[in-house]
Amino acid sequence: MLLEIENLAVEVAGKRVLKDINLSIDEGETHVLLGPNGAGKSTLFLTILGFPQYDVVQGSIKFKGQDITNLTTAERVKLGIGVSFQSPPSIRGVSVRDLLKIESNQDIKEELNPRMKELAKQLKFSDEFLDRDVNYGFSGGEVKRSEILQLLAQMPDFTMFDEPDSGVDIENVELLASEIGTLLDKDKTQRNRKRSGLLITHLGYILNFVSADKAHVLMNGVISCSGNPNDILEDIRKNGFNGCVECAQCL
Amino acid sequence: MVLMDVLSVRNVYEDAERAKDKKAPIGADVTIENFTDETVNALDMIDDLGDLSKQTKEDLLKVGVDTEEKNRSGSFLQVDQSNIFTNNSMSDSIEVMNIGIALEKYNWLEDYIWNVVKPDADKYTAKTALREKEDGIKSGYFVRSLPGTCEVMPVQACMFISDEDIMQTAHNVIIAEENSELHLITGCATGDDISSAMHVGVSEMYLKPGSKITFTMVHNWAEQVEVRPRTGVKVGDNATYINNYILTSPVSTLQSYPTAYCDGKNSRAIFQSIQGGKKDSIIDVGSRVLLNAEGARGEVISRAVSQDESKIYARGHLAGTVPNVKGHLECHGLVLDDNSFIYAVPELEASSANLEMSHEAAVGKISEDEINYLTSRGITEEDAESMIVRGFLNMDIKGLPDELAAQTQQMIDMSLDGM
């Protein structure tokens, strides 16, 4: 297993948000995390990432066989975890270009490497754009594309995407989906895929463009249901998340 | 009439005498008597900046003074109370000389002395004037760009304190003649082994119609140095004054409030300052623009970061006295240490109905979201904090020619290295 979460309970500011999470993702797999607002999807993400305000009060997170529950975020990222945020903060005086250099392990004083320059172009960023302060005054679409570009610099083994398609117009969803595909080895046959991912999506629209192996529904801090993404989505479309509550009660 | 008589007629010395115990309206009161009056011209002139010691060269480089004089249009170096080096031969457009020599050369210069800075402003200006009464006006520099010229390379001027307990005074006059452009880099520093000293620099600047001055100042003082620069700037019709100030090293107390008088139509003044407070420094830096003529514009931008037990007072004052003027004030502060302190004082004063002035001030701690974001890219928390602080202080300096902008950026980078 690449990622193994066992009996995880998490508190934020003393309030229990995740109760008993069990989730395993194998090498080459793409999973989807569904659930209504406030179910704890982002909490699970940020706990995997190791942000300090998320207290793990029970259980463990293993990555590549190593217990990472007590590692810092930077240490986890160095092991191969990456993330694209839904609404990242803007940081004055820190340019996209400098971040790309750090993310692709380049010396900050050197010119940005040709691969990143090419990828920036593919994601419709001009060279001047890269000198802008990260996320400062970016449009919704620019934020998403910049997040994906930074991930392409990192090429993590396991990538989490928080609502990668929200606020993006249709034309750009396909572009983003294609780069998300690159990050998840979708250009390779299933057997040869190494990279894995976890997508948070509200509406599941991105799944029209990125295939997923398994879906999980997170309700009230527990995973209430796991299974084939298409079946689960279909169910949610028909019955809403209420159907999942019933389902959870059956479990 | 000789200069001293002219200044006497203008009551300069009488005013100074009356103000010799006058405390400055803001800033800690410094006991001037604790410092010694160094003799003017006690040190010998040097032929070449290359003759300075390796350590002094490094100290000067930190404040933007290049001893090899590459990409410069002139140089001036004052150590303690002595002007030990002047290079006036690098540009046909610019004159650089000791203020005493300039006053001998140009009779008209007396009108520019104690004109835009008043001798009775406080005891520091008074002390400078009274010293001049005794010794003559000999410390400080005169820089002038000739009419219609545009020298893109900067003049570098440096005030250096080399001896313990010294009180350094200087009186500088900078004039940009009509339709000329003048760039200055001024660095002030103390020798590494100096623990206590005082610096008072009186600077009077005059921008004739259509001219432009950029004045970029980097300070690198020792921890026990008291600093009281006093600066006044007169900006004529269609002229532009740009002031950049960078301080990131510890100091005992520093207080300055440079004032630009936008007396010319469509004149413009921009003050940009970067202040990094360290150890127990008390830094009180403000910028004031008086918008006194139609179409005048003023902008005051400051970024302050307080560390350790430092205290920073970041002041800004815009006053519009006539219609159709515009001003903006921006003051941002980051408090990094619970024992440190930032006090932002933005002031807007409007005494005419038809004008536009605004201000924006924000003081706070480093945002956790920003740190988290950077750590999620594999950057350690410590490095993330330092990136955020440097990014915060590293503002885009406006109005410099490309080459100078690149050099200034290097100076800023160097100053921020220790942050």
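The values are calculated or read from the model by the stated rules, or taken from the named source; none is laboratory data. Bear in mind that the values here come from a model prediction, so they are computed numbers and not experimental data. Positions of Cβ are backbone-derived with ideal geometry, glycine not excepted, and every protein chain shown enters the neighbour counts.
Counted as qualifying within the range B:309-419 are the helices (runs of 4 or more DSSP H) with 2 or more residues that are at pLDDT below 90 and more than 14 Å from chain A (Cβ to nearest Cβ), namely B:402-416. Selection over the range A:14-57 of residues that are buried (at least 16 other Cβ atoms within 10 Å of the Cβ), part of a loop (DSSP other than H, G, I, E, B) and modelled with pLDDT of 95 or more gives a count of 4. Of everything listed in (1) in contact with an Asp or Glu (Cβ under 8 Å, 6 or more places away or on another chain); (2) at negative phi; (3) not aliphatic (A, V, I, L, M), the single unmet condition for B:SER351 is (1). A:ILE148 falls short of the stated requirement of being in contact with a strand residue (DSSP E or B) (Cβ under 9 Å, 6 or more places away or on another chain), away from chain B (no Cβ under 14 Å) and closer than 18 Å to A:ILE81 by Cα.
Over 28 Å from A:LYS194 (Cα atoms), touching a residue at least 12 places away in the same chain (Cβ under 8 Å) and of a type in the set (A, V, I, L, M): which single residue out of A:VAL57, A:VAL77 fits that description? Give the derivation first.
Working: A:VAL77 fails: over 28 Å from A:LYS194 (Cα atoms).
Residue meeting the stated conditions: A:VAL57.
Taking the range A:58-106 as the range and being more than 9 Å from chain B (Cβ to nearest Cβ), in a loop (DSSP other than H, G, I, E, B) and under 19 Å from the mean Cα position of the chain (by Cα) as the test, the residues that pass are A:LYS64, A:ILE68, A:THR69, A:LEU71, A:GLY80, A:GLN86, A:SER87, A:SER104.
Matching residues to (1) surrounded by fewer than 19 Cβ atoms within 10 Å (Cβ to Cβ); (2) farther than 19 Å from A:GLN150 by Cβ:
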| site | (1), (2) |
| --- | --- |
| B:GLU356 | yes, yes |
| B:GLU360 | yes, yes |
| B:GLY391 | no, no |
| B:ILE397 | no, yes |
| B:GLN407 | no, yes |
| B:GLN410 | yes, yes |
| B:ASP417 | yes, yes |
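When the range B:31-84 is filtered for residues that are hydroxyl-bearing (Ser, Thr, Tyr), more than 21 Å from the chain's Cα centre (by Cα) and part of a loop (DSSP other than H, G, I, E, B), the ones remaining, listed by number, are B:THR31, B:THR39, B:SER53. Checked against the criteria, B:THR36 does not count as among the polar types (S, T, N, Q) and either in contact with a Cys (Cβ under 6 Å, 6 or more places away or on another chain) or crowded, with 17+ Cβ neighbours inside 10 Å (or both).
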